[in-house]
């Protein structure tokens, strides 16, 4: 295969290969520079584009990869990233990173040269163009063809510009059980230090599962469109990690949360009557264990909870309350293929030192969650 000249359209054979090798992506579109990747189908936009964040995080390639069979000793992925900056807070997205795994070989390459999406105080953005990133991996000699996975950046939007190698490439067949996971920023794992540090990826690699990750930072509020989409996917295992954004965004109270959980499960069960489902409650978050949302910034950089309203009948939610509710939902439904997993078994108060902002684990914390989940599952 030959590199695509700058500014030229991707060759059809290469595009076909990329589309067939992609895992964990709902749709592939055409962007300004190459193939754009989407973890939610475009038809669902009408349900969630009231909040632009949902589409932005759904368009990251979190948990996604190119699964290839090849005898190549050199593989090069060219892509254009778009990373976020907020001058007001000083936030700058970390470099985009691609990780190659093949047997015992693991190599990660990072870049800071993509587009910059700069946000203002009103939530408007402008994009300053950057350059394409070129991730060139050199593999040792192989006796024959082998499986090579290219795990795509988990923390930014990308367009795939080109994929080249010094031997033929083919899409790998799907041979492992299919796992669909749904969750919030704590499943998205923006703070992970590389694509395979995302906790569902850590667990999938340990368990030998074919992952589709719907970790959606700022989302996972039991939106019905998400349940319908999950129901449409092939799955041998479905896990649903819910509750934290319901609290820290102050999005729901008990009166609507309980039926929303049941309805979410009903929508999935309609298409997956016997597929194992694990309902996972929130991990530890000191600010909201006993206090409702919305979250508030603390002087020490950690989030704080809110005080309860003087109207008791509202039914404000805390994480302790949500764990009781989710456990009760599972018991009440009497579904032999539905299990409850307490999020504190994945990350508890003893791990608080691995949560710098009081809400999101750091890279070490995410790896720990993935390892614990793999053992528990």
ask   = What's the angle, to the nearest 10 degrees (0 to 90), between helix 254-271's Cα axis and the longest principal axis of the chain?
value = 40 degrees
inquiry  = At a 10 angstrom cut-off on C-beta neighbours, averaged per residue, how do the peptides 113-120, 330-337 rank from highest to lowest?
reply    = 113-120, 330-337
Highest average packing first - 284-293, 192-201, Cβ atoms within 10 Å = 192-201, 284-293
query = Cα centroids of region 220-284 and region 37-99: how far apart, whole angstrom?
reply = 23 Å
task = Provide the packing ranking of 345-352, 34-41, i.e. peptides ordered by the mean count of other C-beta atoms within 10 Å per residue, highest first.
result = 34-41, 345-352
message = Is the C-alpha gyration tensor of region 277-331 telling us rounded, prolate or oblate? Criteria: a/c under 1.5 is rounded; beyond that, a/b larger than b/c is prolate, otherwise oblate.
response = oblate
key: Rg and Dmax [Cα atoms of the chain; Å; Rg one decimal, Dmax integer]   = 20.9, 71
Residue order, fewest to most surrounding Cβ atoms within 10 angstrom, among 46, 190 = 46, 190
message = Quick check: pseudo-label points 7 Å beyond the Cα along Cα→Cβ at residue 46 and residue 224, how many nm apart are they?
response = 1.3 nm
note = Helix 12-21 sits off the longest principal axis of the Cα atoms of the chain, rounded to the nearest 10 on a 0 to 90 degree scale, by 40 degrees
key: For 137, 91, order by how many other beta-carbon atoms lie within 10 Å, fewest first   = 91, 137
key: Average Cα contact separation per residue, region 12-171, under 8 Å, 6 or more apart, as relative contact order %   = 35 percent
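Using 0.36 nm per residue of separation minus the Cα-Cα distance, give me the extension gain between residue 143 and residue 337 in nm, one decimal. Each step should come with its number before you reach the end.
Working: separation 194, 0.36 × 194 = 69.84 nm, distance 4.33 nm.
Value of the extension gain: 65.5 nm.
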inquiry  = Using a 7 Å offset from the Cα along the Cα-to-Cβ direction at both residue 88 and residue 304, what is the distance between the two label points in nm, to one decimal?
reply    = 2.0 nm
task = Mind giving me the FRET efficiency for residue 131 and residue 314? R0 is 41 Å, r the Cβ-Cβ distance, nearest 0.05 is fine.
result = 0.20
key: Cα long-axis angle, helix 363-376 against the chain (0 to 90 degrees, to the nearest 10)   = 80 degrees
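Rounded to whole Å and sorted largest first, what semi-axes of the equivalent ellipsoid does the C-alpha gyration tensor of region 178-376 yield via the square root of 5 times each eigenvalue?
Working: eigenvalues 125, 98, 35 Å².
Calculated on Cα positions only, the semi-axes equal 25, 22, 13 Å.
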Fraction of antiparallel bridges per DSSP, the chain only, in percent to nearest 5 = 70 percent
inquiry  = Taking a ≥ b ≥ c as the square roots of the Cα gyration tensor eigenvalues, with a/c under 1.5 meaning rounded and otherwise prolate when a/b beats b/c, else oblate, which class fits region 106-187?
reply    = oblate
key: Projected area averaged over orientations for region 3-139, convex hull of C-alpha atoms, nm²   = 9.6 nm²
task = State, as an integer percentage, the relative contact order of the chain based on alpha-carbon contacts under 8 Å between residues 6 or more apart.
result = 16 percent
inquiry  = How much length would be gained if the chain were fully extended between residue 73 and residue 118, taking 0.36 nm per residue of separation minus their Cα-Cα distance, in nm to one decimal?
reply    = 12.4 nm
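Only the coordinates and a few stated rules stand behind these numbers; no lab work does. Values in this document were obtained by computation on a predicted structure and should not be read as measured data. Cβ coordinates were reconstructed from backbone atoms using ideal geometry, including for glycine residues, and neighbour counts include every protein chain displayed.
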